[in-house]
Amino acid sequence: MKLLVVAFLLISNFAIAQITGKIQDTTDNYPLEYATVALYNQDDKSLVTGVITNIDGVFIIENVKNGRYYLEASFVGYTTKTIQNIDIYKGNKRIDLGVIKLVLGNRLNEVEIRGERATVINKIDRQVFDSKNFQNSQGGSATDIIKNLPSVSVDGLGGISVRGSKGFAVLINGKPTQGDASAILAQLPANALEKIEIITAPSAKYDPEGKGGILNIITKEGATNGTFAQINLRGGFPSIEPYDTQVSAQRYGIDATINKRTDKWNLSFGTSYQRNDKTGRREGELFIVNQAEDKQTFLPSDGERSFDNISYNGRFTVDFTPNKNDEFSLGFFAGKHTVDRLADITYFDNHAISPIGSNNRLYTFSYYNHNLRTRKGDFVLGSFDYGHTFGDKSKVSTSFLYEYTFLGGPTYNDNVDTPAYNVIYQQEFNTNDNPLHGVRYNLDYKWKPFSFGIIETGYQFRNLNHEGEFVYERDGVVVPEFSSNIELKRTLHSAYGQLTGAKDKWDYAAGVRLESMNRKYTEALVSEAVPNEYKYDFVKLFPSASLQYSVNDDTKIKAAYSKRVERTTTLKMNSFAEREHSEVFEQGDNRLLPEFIDLVELGVNKKFNNNTSGYATAYYRHVNNAINRVNTLAYESNGAVIDTILNRVYSNVGKSNAIGIELGTQFKAAKNWSNFIGANIYNYDIDGDFVFRHRDGITRNYNVNSSNTIYSFNVNSTYSFWKNATLQFTFNYLSETNTAQGQDSQFYSPNLTLKKSFLDSRLVATLQWQNIDMGLLKTNEQSIATSRANEFYTYTNYVYEVDMITLNLSYTFNKVKNKSKFIDSEFGKKEF
């Protein structure tokens, strides 16, 4: 009997329990993933164990013996919170600490807590940026925010690159989209954004599309019941520099959001109208050598190049949570987006010289070209999502999205005499009607069968059907050799499995995604009865892995690998030429292959003190089947060179490599002066060749070999005058960049923003001075040059509007936090 009593006491003494909880941001109840939870013995203060929270902010500490403990919850940029007197005793097998809320910053006085959010928070697989710290974006779009991030650069044409790559995917609140990144970001109001995550080496649970990784846009959300209503107004002051444009630029907009939340329902309605014109000029030169006829052509030009950009939409989501285990969500979006690009260019002193190298001018001819290209995108989308959480905390979720998009818009290309403008030499017109239907279905399951990690599995189906009808007219007569019908059908099936976990000082994730793609592209001239068909299929594995080691509370080292794919669009596959400019035909390649990418990175994050932290990440990106837009000589059907026209073609040009390092630091130079500086330095190399195939049977091979060291940096400096007024200066810089056939010059933009709140912070006024120049700099200006020895040379300088003054007013009708999560285009915006 005594032996039984002793055995019982021993077993009781070594009985084990489980401690669980959830860590959130106290301001907006946002779950803090990868927060650190440390458990200490309360008697001798010794560390017992530590864990990291998952994506939902949840932590679980297993196998805790009987005793008294205290727990510390911490996260970079937040004040550590301690929970005392956690007692584990016989029969007490599970301790749920509930929600633990962490506060940003430090306590300044007895009445008020004021803190500054960290501009960037580094996690094992991503960097998280707080949109509130980029005040110059207020009233603008998501593009105005992300161009300030260290991984991101924006060029003179508005192209967005992540670590030098324009190919990246966009998620909206973690949900995948397949739209063109630049178009998506340009339509998302900056006022609706809470955070932006850059996932440079994504895991297998994400769709593998995007060679530059993933941008996850997180909209404002909260858990407080009640009604939220906000309206934002934006108005631009008259242009200081008009650039001799025919019509002045207009910049104004309004967006409104209403959000009603109860214990079971969350209803969000939003509408927006935005006009964001951009004026400017284009200065160019074109030089073509015709070896066969022993002559050369020189074509200088100058004139207006401006954009009228209008978008408006209506959207809503309805979320229903009948109980703690089930979630339903229904979303709808309808909108219109139109961009009119006007290029009214005078081509002067156009002459041919023979023989090559001689100054004996055969003729001189000047003319005026009116080129108006309208691009429309009308979107209608609907989505339905459902999630169920089981008693063992495992979860199944499913999502369905349908999209109909009508893309189109004509291009007018008129050549007339100059300066009288009363003689019409040639009128060209081409239009395209290309409706798109897209479907996406996801099924995902997450559970924890092991103590060392969480298993996530899932399946995705995507189907795209994109048709196009192109009519090309010259002087009112249809040109059959340029008029065509095309169709792209693409079906994707994919499945993934992934393990995520944490042990002691290690965090890890590893998985693999299997994808099967079937692509069929058909095209035919209107005169052809039977279309040509081009098929491309693959079945591939896309593995990924990430690992992080915590040296101590202030230092973490991480490594990651991810295999990616950049799929082709209909635009880049359409091999029929379109008259983009007077001197340019633009076309795609019907045999275009997708790009396959390998990403590797190694980084370190270091917190020096409460006011200073920094990080450095070295990375390598290898791309097979690299796609570039390249120039070739334009040819007649008989093989003769067209002396004043180039073919601009999308083509696979071989392989490319990027190896570089990304650096970032945030620090306080003074009590009220905070700063964030990010930089990216990398060597970019393109090596290979491409084949130009003319429909008339002409085939030509071209070599590509280009290498350059590129760097960019973004500065964000904010000074607080008092608690409700700040002045912020930002500076974005991109160095000279190499392309397959030339280089783009440097591009930079300084901005200044004054922000002041009134009426207990309900009304916020933001005065912006964008693209500061004052006639002293070359702000918002970039030149692009391409060449091929003994064939052609092109130089184009784009000069866009500077010294733009804008006033933004935002009024919130109450203090209840917004929880708006609107769906966005899955397929059509990639073609826009």
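The values are calculated or read from the model by the stated rules, or taken from the named source; none is laboratory data. If you're wondering where the values come from, they're calculated on a predicted model, not measured in any experiment. Note that each Cβ is placed from the backbone with ideal geometry, even for glycine, and that neighbours are counted across all protein chains shown.
So L776 clears everything in (1) out of contact with any strand residue (DSSP E or B) (no Cβ under 8 Å at 6 or more places or on another chain); (2) modelled with pLDDT under 90 except one condition, right? Which one?
Among (1) out of contact with any strand residue (DSSP E or B) (no Cβ under 8 Å at 6 or more places or on another chain); (2) modelled with pLDDT under 90, the lone unmet condition for L776 is (2).
Give the residues of the range 45-104 that are exposed (fewer than 13 other Cβ atoms within 10 Å of the Cβ) and closer than 28 Å to Q498 by Cα, sorted by residue number.
Within the range 45-104, N63, R94, D96, G98 qualify.
Restricting attention to the range 302-320, which residues are within 21 Å of F269 (Cα to Cα) and of a type in the set (K, R)?
If the condition is that a residue be within 21 Å of F269 (Cα to Cα) and of a type in the set (K, R), then R315 is the only one that fits.
Which members of the range 502-520 meet the condition of being crowded, with 16+ Cβ neighbours inside 10 Å and either over 28 Å from the mean Cα position of the chain (by Cα) or basic (K, R) (or both)?
A502, R513, R519
Which one of the conditions (1) modelled with pLDDT of 90 or more; (2) of a type in the set (S, T, Y); (3) part of a loop (DSSP other than H, G, I, E, B) does S820 fail to meet, given that it meets all the rest?
Evaluating S820 over (1) modelled with pLDDT of 90 or more; (2) of a type in the set (S, T, Y); (3) part of a loop (DSSP other than H, G, I, E, B) leaves (1) as the failure.
Considering only residues that are farther than 14 Å from N415 by Cα and modelled with pLDDT under 90, which ones fall in the range 340-359?
Residues satisfying the conditions are D349, H351, A352, I353, S354, P355, I356, G357, S358, N359.
Select from the range 407-421 the residues that are aromatic (F, W, Y) and under 32 Å from the mean Cα position of the chain (by Cα) and list them in ascending order.
Y412
Does L362 qualify as being hydrophobic (A, V, I, L, M, F, W, C) and at pLDDT below 90?
Spelling it out, L362 is indeed hydrophobic (A, V, I, L, M, F, W, C) and at pLDDT below 90.
Between a first residue in the range 721-740 that is without any contact (Cβ under 8 Å) to a residue 60 or more places away in the chain and a second residue that is among the β-branched types (V, I, T), which pairs have beta carbons less than 7 Å apart while being 6 or more apart in sequence or on different chains?
Between residues of the range 721-740 that are without any contact (Cβ under 8 Å) to a residue 60 or more places away in the chain and residues that are among the β-branched types (V, I, T), the close pairs are F731/V715; S735/I710.
Test F827 against the stated conditions and say whether it is under 25 Å from I217 (Cβ atoms), assigned by TED's automatic domain parsing to the domain that holds H337, modelled with pLDDT under 90 and buried (at least 22 other Cβ atoms within 10 Å of the Cβ).
yes
Among R490, R519, R474, which is of a type outside the set (S, T, N, Q) and closer than 30 Å to N413 by Cα?
Matching residue, one of R490, R519, R474: R474.
Check off (1) in contact with a helix residue (DSSP H, G or I) (Cβ under 6 Å, 6 or more places away or on another chain); (2) of a type in the set (S, T, N, Q); (3) farther than 30 Å from N790 by Cα for N605 and give me the number that stays unchecked.
(1)
How many residues are in a strand (DSSP E or B) and farther than 15 Å from N609 by Cα if we restrict to the range 653-675?
Of the residues in that region, 11 qualify.
Among the candidates N574, N611, N605, which residue alone is crowded, with 22+ Cβ neighbours inside 10 Å, in contact with a Lys or Arg (Cβ under 6 Å, 6 or more places away or on another chain) and polar (S, T, N, Q)?
Selected residue: N605, the only one of N574, N611, N605 that is crowded, with 22+ Cβ neighbours inside 10 Å, in contact with a Lys or Arg (Cβ under 6 Å, 6 or more places away or on another chain) and polar (S, T, N, Q).
From (1) within 30 Å of N415 (Cα to Cα); (2) hydrophobic (A, V, I, L, M, F, W, C); (3) crowded, with 17+ Cβ neighbours inside 10 Å, pick out the condition that doesn't hold for V653.
All conditions are met except number (1).
For the range 296-339, what are the residues that are in contact with a strand residue (DSSP E or B) (Cβ under 6 Å, 6 or more places away or on another chain), surrounded by fewer than 19 Cβ atoms within 10 Å (Cβ to Cβ) and basic (K, R)?
Result: K336, single match.
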